[in-house]
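*Asks:* So that we are looking at the same thing, I have put the structure below in structure tokens.
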Amino acid sequence: MKTPFRGGFFLLSILTFFQSAFSQSQISGTVLDSDHQPLPYANIFLLRSADSSFVKGAISDETGVFQIEGATGGPCVVEITMLGYEPYRSKAIDLSASTPEVDLGQITLQENTAELQTVEVTAKKPFYEQKIDRLVINVENSITSAGSSALEVLERSPGIVVNRQSNLLSIAGKNGVIVMINGKINRMPIEAVVQMLAGMPSANIEKIEIITTPPANFDAEGNAGYINIVMKVTNDQGLNGSYTFSGGYGRGEIASAGINFNFRKKGLNLYGDYSFSRDAQDQLFAIDRQVMLEGKLVRTDTRSERSPVQQNHNARLGLDLNLGPRTVLGVLVSGYDNRWSMDAINYSTISLDGVPDTLLTIVNDEINHWQHGGANLNIQHTFREEETLTFDADYLRYGNENPTHYNISYADAAGNLLRHEQTFSGKVTPLEVGVGKLDYTRRFSEKLKLETGIKGTRSHFHNNVKVAHLDNGTELIDSSLTAQYQLSESIAAAYGALDMKLDEKSDLKLGLRYEYTNSNLGSAEQPDIVDRQYGNLFPSVFLSRSFNENNSANISYSRRITRPTFNDMAPFVIFLDPYTFFSGNAALQPSISNNVKLDYRFKTALFSFEYSVEDSAIANFQVRTIEGTNQQLIAAENMKNRKTASFTLAFPIQVSKWYRMQNNLVGTWQVANTFIDGAPIQVSSKYIQAVWIHSFTLPKDFSAEVVGFYRSRALFGASVALPMGAINLGIQKKFRDNFGTLRFGIDDLLNTLRFRSEIDYPEYNLVSKANIDFSQRTYKLTYTRHFGNSKLKGARQRETGAEEERRRVN
């Protein structure tokens, strides 16, 4: 492997230059409590000695360190205040010298012995918040989200499209979505991520962030952007947290429970959470497809009655420890056990020119079991205020077992049994990932900040696929569909970014990232099926301007990549039924996108426009008919390109003191140039997605919420997803004296939530329709209660080094 860090010395040279060129005078010190433990977030004031007028201010960081730069003009004093402590005031400091550097050393604040009365401050964030680079969905503030899963919350979020048939996610019409949990990218295949989100209770989620133009310190992976799910973390001293229980019924029962806790004392912070969910709602799939075969129209009409049961366990345990006034050590372990099992009966009718010919009954049982364990070590050292060095090391391990048994009966049109077959299809997939990451940030002045870092990732993946037929109890392995593949991949990256304040109203951020990838995929019989080495540069530019209090605008550009997932490249074939197969594609190439986004804000209303061009865009689950047969092959394929333009309009309306509306409208135009059987075709689509949220504040601590969403026809590769929508409502009662909150909700009130898709290219023997009824009107009851004290103390916010790695398990 060639050395990927040719630009390393260049980055270090830039760092050295900025350190020398922008070093300034400063007043610094460290704030401690009476036990000599750091006090973060203390208020630091620089005041003139003569009249105590304000000069400059600062806040101590997580290690108690503060720094005030660039102050001149004669004698001053430093005053430090913090709730619950006696104020501190320094002796006079003479700032008349040209380059003063004053270190006040360690400053100890004494606790205020006067007990403060408890003051409760209540504020509610809007369900949707549009920020400069992301849309924030405040899940914990939604009444209708109580008892729902993370996937259901995403499904009714602006710009998000969930394909329930193929288990895919897209943002503004683009695939390549990266899902993060608390800043850690999930490396499972996207269909397994969708399964995990479907079993993740919303009760333990604080917010969901949709990031469409990530900056340079984010990995370049993901043409559509990031979805970051932020779990709840309390910020209080002592022991505190919350627990929740939820139950409901639709076409089967649903249940979930969760608890999160946080313990803070002096320089130690111990935190964790656990959640469990169970969903046992019956589903109904209907798929109708047809092909021309030897001059006859062959139609296969399938009805699948499915009884799935999904059980998910998710857990995290973390510890932050102050090793000294400037150094923090963090350890985090996490894991999950997600088991999806299903019993199904499938009825298929095969007709020739409209006349029934063959009847199939397929009884199958399937298990898709994912397990994960991971550990993160984080060390952060603060040299001075706003100058930090952070190191992350991650180890991730995944395992997946996916056995399926089929009992297939063939009968003639009159129902007379012709033959019986038993087939087994299974897949075992272990994966190990190691990640190392080093980040350095420094603010040289109020107008300039530098971020730079390096990262290395090593992944090793096995995929063992087995297909066998049973003949009188004897297992006969199908060698054409059975194989073992392994992939080794390493990715090395380096980045640099500058934040610049051009004037009082304008900010500019420039970033450049370099990533080098080395991938090798093969088997014992067929080594080096894929053997690639490639490097790419990924620039990013963000420019923002605040014209006045009511008007502001942002414009951004970024270049990104979507690499083929591991399973997408492996040349295996998985048996689904006698006429449908899933396959890998060793010829799959990475996709590169160029993205431009413009945002304009007027008061609380926001308008965004985004345009992107993806070369070699990857379209998942593309259907092809095997020539001369009634069999279909489903695989990921590269399109020639895909062009997407979208707009977002979001605006709240305060109708009255007790009634508030939030309106979100997303429009997307998309053109895809692709190939079917080697022939070029162009597919275009225009669609809208609308979300309306009506919130009501009622007497006696009651509140209510009605949410409606609608999505018109949308494009998925060469397929089209048909319109869908739903209405959810909920009512909440908040009990006083911290006795918790009780919520009752109805999901899919009108029972309209069905995923439908179609593909209509008879000239290429591709005509099919699907109707996926995956849920019914569901009634939910949820109880939540907080426990512990509420003396506020800020939590250390950090991410791990495995930002990119948790998605590409596939």
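The values are calculated or read from the model by the stated rules, or taken from the named source; none is laboratory data. Bear in mind that the values here come from a model prediction, so they are computed numbers and not experimental data. Reconstructed Cβ throughout: ideal geometry from the backbone, glycine too, with neighbour counts over all protein chains shown. Protein only, heavy atoms only, side chains kept; ligands, DNA and RNA dropped before computing areas. Shrake-Rupley method; radii C 1.70, N 1.55, O 1.52, S 1.80 Å.
Okay, residues lined up against (1) farther than 22 Å from Val596 by Cβ; (2) open to solvent by 40 Å² or more (accessible area, probe 1.4 Å); (3) of a type in the set (A, V, I, L, M):
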{"site": "Ile634", "(1), (2), (3)": "yes, no, yes"}
{"site": "Asn641", "(1), (2), (3)": "no, no, no"}
{"site": "Trp658", "(1), (2), (3)": "yes, yes, no"}
{"site": "Thr674", "(1), (2), (3)": "yes, no, no"}
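*Asks:* Conditions first: (1) under 30 Å from Met292 (Cβ atoms); (2) within 24 Å of the chain's Cα centre (by Cα); (3) not aromatic (Phe, Trp, Tyr). Val671 passes all but one, so which condition is the exception?
*Replies:* (2)
*Asks:* Another one. Between a residue in segment 447-475 that is at pLDDT below 95 and any residue that is among the aliphatic types (A, V, I, L, M) and surrounded by fewer than 16 Cβ atoms within 10 Å (Cβ to Cβ), which pairs come within a Cβ distance under 6 Å, given they are 6 or more apart or on different chains?
*Replies:* The qualifying pairs are Leu448/Met500; Asn464/Val428; Ala468/Ile477; His469/Leu476.
*Asks:* Quick one: Gly667 ticks every box in (1) open to solvent by less than 30 Å² (accessible area, probe 1.4 Å); (2) touching an Asp or Glu at 6+ places or on another chain (Cβ under 9 Å) except a single one, so which number is it?
*Replies:* (2) is the only condition that Gly667 fails.
*Asks:* Let me spell it out: the conditions are (1) charged (D, E, K, R); (2) within 30 Å of Ser28 (Cβ to Cβ); (3) open to solvent by 50 Å² or more (accessible area, probe 1.4 Å), and Asp392 meets all of them except one. Which number is the exception?
*Replies:* All conditions pass for Asp392, except number (3).
*Asks:* Same structure again: Considering only segment 769-781, how many residues are among the polar types (S, T, N, Q), buried (at least 19 other Cβ atoms within 10 Å of the Cβ) and over 25 Å from the mean Cα position of the chain (by Cα)? Working first, answer last.
*Replies:* Looking only at segment 769-781, we keep the residues that are among the polar types (S, T, N, Q), and these are 771, 775-776, 778.
The next check asks that each one be buried (at least 19 other Cβ atoms within 10 Å of the Cβ); those that pass are 775, 778.
Narrowing further to those that are over 25 Å from the mean Cα position of the chain (by Cα): 778.
Within segment 769-781, residues that are among the polar types (S, T, N, Q), buried (at least 19 other Cβ atoms within 10 Å of the Cβ) and over 25 Å from the mean Cα position of the chain (by Cα) number 1.
*Asks:* Please go through segment 250-277 and give me each residue that is surrounded by fewer than 16 Cβ atoms within 10 Å (Cβ to Cβ) and either in contact (Cβ under 8 Å) with a residue 60 or more places away in the chain or of a type outside the set (A, V, I, L, M, F, W, C) (or both), ordered by number.
*Replies:* Glu253, Lys265, Lys266
*Asks:* Since Phe716 meets every condition but one in (1) of a type outside the set (S, T, N, Q); (2) buried (at least 18 other Cβ atoms within 10 Å of the Cβ); (3) modelled with pLDDT of 90 or more, which condition does it not meet?
*Replies:* All conditions pass for Phe716, except number (3).
*Asks:* With the requirement that a residue be of a type outside the set (D, E, K, R) and surrounded by fewer than 19 Cβ atoms within 10 Å (Cβ to Cβ), what does segment 361-376 give you?
*Replies:* Scanning segment 361-376 gives Thr361, Val363, Ile367, His369, Gln371, Gly373, Ala375.
*Asks:* Okay, next question. If only one of Phe696, Phe675 is assigned to a strand (DSSP E or B) and modelled with pLDDT under 85, which one is it?
*Replies:* None of the other options fit; the residue is Phe675.
*Asks:* Return the residues of segment 524-540 that are assigned to a loop (DSSP other than H, G, I, E, B) and either modelled with pLDDT of 90 or more or of a type in the set (A, V, I, L, M) (or both); say none if nothing qualifies.
*Replies:* Ala524, Ile529
*Asks:* Collect the residues in segment 377-389 that are under 24 Å from Val433 (Cβ atoms) and either touching a Pro at 6+ places or on another chain (Cβ under 8 Å) or open to solvent by less than 20 Å² (accessible area, probe 1.4 Å) (or both), keeping them in residue-number order.
*Replies:* Scanning segment 377-389 gives a single hit, Asn378.
*Asks:* Assigned to a strand (DSSP E or B), surrounded by 13 or more Cβ atoms within 10 Å (Cβ to Cβ), at pLDDT below 95 and touching a helix residue (DSSP H, G or I) at 6+ places or on another chain (Cβ under 9 Å): which single residue out of Leu521, Leu508, Leu543 fits that description?
*Replies:* Leu521
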